[in-house]
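The values are calculated or read from the model by the stated rules, or taken from the named source; none is laboratory data. Just so you know, these numbers come straight off a predicted model, no measurement behind them. Positions of Cβ are backbone-derived with ideal geometry, glycine not excepted, and every protein chain shown enters the neighbour counts. We work out accessible area using only protein heavy atoms, side chains counted, and drop any ligands, DNA or RNA first. Shrake-Rupley method; radii C 1.70, N 1.55, O 1.52, S 1.80 Å.
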Amino acid sequence: MKAYRLLIVGLFMLVTPAIAQQAKVTTFTLDNGMEAVVIEDHRAPVVTHMVWYRVGSADEAPGKSGIAHFLEHLMFVGTDDIPEGEFSRIIESLGGNDNAFTSHDYTAYFQRISTEHLELMMTMEADRMHDLILNEEAVRTERDVVLAERTQRTDSDPGSLFSEQRAAALYMNHRYGIPVIGWRHEIEQLNLTDALEFYHRYYAPNNAILVVAGDVDPADIEALAIKHYGELEPSDGITSRVRPTEPPHLAPRRLEFHDERVSNPYIIRSYLAPERNTGAQSQSAALTVLAELLGGSGLTSVLGKALQLEDPIAVSSGAFYSATSLDPDSFGVYVVPAIGVSLQDAEAKMDKVLTQFLIDGPDPAQMERIKAQIRASEIYALDNQNGLARRYGAALSIGLSVEDIGNWPNEINAVTADDVLAAAKDVLVLDNSVTGWLMKEIAE
């Protein structure tokens, strides 16, 4: 086994008085390829134990949309050692809690529990990594649960349906255009063979990252990881994550979605935007600052000041960019018009504000305030053990390194007004966008 490394990840908030906090992070890799990150937090005798798999909905085979999320459900069915339905009950009986989630790029499982029960969590998680027991009845039952979830969370919500349609329009070839939960007609066809094939290929130590955050000693965690995960066999089905890529976008796309259940119409535009890459985070940092400048606050952001205060035609506005995707993601802006303001007028005024920003660039004083806020949020994040574990797990799952995570505040601090303006001009291109109107009635 490779020797583990200790990294002191420093996060600095440049305000007065100066505050400096550190996350003590240790990494190691097991012989079977499983990576591990230990984040020490000795303030309370609790621990967050997570296992992340480098597979999400964008890795699914054509026609099998939803299989990654479906298997997430099936992972709670049971093994030879843990009867069906007992996994979460055992954790709850010990005073802990657990859950799982699937994204386009990863699937993760976690437990938060007192430190004394950590070894049991490793025992249970390692058990279902290699010994999941599935049958036709369990598959039928969980498939119905997933379909009910889609009905409740997506099909019953106009905003969610609208979001699905916009993603499908933005990505002409990449699988980010397919919903994580899957299309209903394909979920209905998922079967036991699909689930087992997906499980045996992707659920293996050489496709997994162990993240442990809490009141623990790294040497103890390494010993436990060797004991419980170290004997698991790697999968020979793990290859480079090569996905379909987007062709050049040659024209802007528009989408109108009408639904009688809509109470607050709004306009939203998504642009294709570059992802955050290991060792090359500067453009993502600039886009992160740009999102805050354009729409981080209804009172002080560019869109908020222009559309909610100076010319109050909107009740809400904003911008967003996540910087947590494996492949090119999106940058978005939106406006919720005030009563009596049409979506057409709202879009025209939004475009006027964006055009002026591309001419003027950011206000230097506003930029420094935004950067200080982002740095402060990095400090505050250290107080959330679960959030910190998720930050490392998500970043490592998309190919970033521990060093990248530690350097992120420095990347934010280094962003200049010229960087932000260059990023805006590179990304805010209509040919690479989808503009959507969500409304109740058909526009005349």
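With every protein chain left in place and a probe of 1.4 Å, what is the accessible surface of residue 408, to the nearest 10 Å²?
Estimated to the nearest 10 Å², residue 408 gives 20 Å².
Connecting C-alpha atoms closer than 10 Å in a GNM of the chain, tell me which of 301, 342, 317 has the biggest fluctuation.
342
What fraction of the DSSP beta bridges in the chain is antiparallel, stated in percent and rounded to the nearest 5?
Percent antiparallel among DSSP bridges in the chain is about 85.
Report the rotationally averaged projected area of the chain based on its alpha-carbon convex hull, in square nanometres.
22.3
In terms of solvent-accessible area of protein heavy atoms at a 1.4 angstrom probe, what is the ranking of 140, 43, highest value first?
The residues order as 43, 140, largest area first.
Run the 1.4 Å probe and let me know the accessible area of residue 324, rounded to the nearest 10 Å².
Using a 1.4 Å probe on the heavy atoms, I get roughly 60 Å².
So what is the accessible area of the chain per residue, in Å², with the probe set to 1.4 Å?
Value for the chain: 44 Å² per residue.
Averaged over all directions, how much area does the convex hull of the C-alpha atoms of the stretch 319-411 cover when projected, in nm²?
8.6
Ignoring everything except DSSP H segments at least 4 long, calculate the 222 nm mean residue ellipticity for the chain; use -39,500 (n - 2.57) per segment, divide by total residues, nearest 500.
The helix contribution divided over the chain gives -12000 deg cm²/dmol.
Please enumerate, by chain and number, the lysines with C-alpha under 24 Å from the C-alpha of residue 227, excluding those fewer than 8 residues away in the same chain.
Reachable lysines: 2, 24.
Against the 2.2 N^0.38 Å scaling, with N counting residues, where does the stretch 245-326 land? I'd like the Cα-based Rg ratio to two decimal places.
Computed over Cα atoms of the stretch 245-326, the ratio equals 1.35.
Say each of residue 168 and residue 193 gets a label point 7 Å from the Cα, pointing the same way as Cα to Cβ; how far apart are those two points in nm?
2.7
List every residue whose amide H lies under 5 Å from the amide H of residue 46, counting only residues 5 or more places away in sequence or on a different chain, with H placed 1.01 Å from N in the peptide plane.
Counting only residues 5 or more places away or on other chains, the set is 115, 215.
Can you compute the FRET efficiency between residue 410 and residue 386 using 1/(1 + (r/R0)^6), with r the Cβ-Cβ distance and R0 = 22 Å? Round to the nearest 0.05.
0.35
Using Cα positions and a limit of under 25 Å, work out the lysines in reach of residue 305, with same-chain residues fewer than 8 apart set aside.
Correct list for residue 305: 349, 352, 371, 425.
Nearest 0.05, what FRET efficiency do residue 426 and residue 97 give at R0 = 45 Å with Cβ-Cβ as r?
Computed FRET efficiency for residue 426 and residue 97 comes out at 0.60.
Within the set of other residues whose C-beta is less than 10 Å from the C-beta of residue 130, count the net charge using Lys and Arg as +1 and Asp and Glu as -1.
Here the count lands on -3.
So how do 227, 305 rank on accessible area, 1.4 Å probe, biggest first, that is with the largest at the start?
Reading off the accessible areas and sorting them downward yields 227, 305.
Take the Cβ-Cβ distance between residue 144 and residue 89 as r, set R0 to 25 Å, and report the resulting FRET efficiency rounded to the nearest 0.05.
0.75
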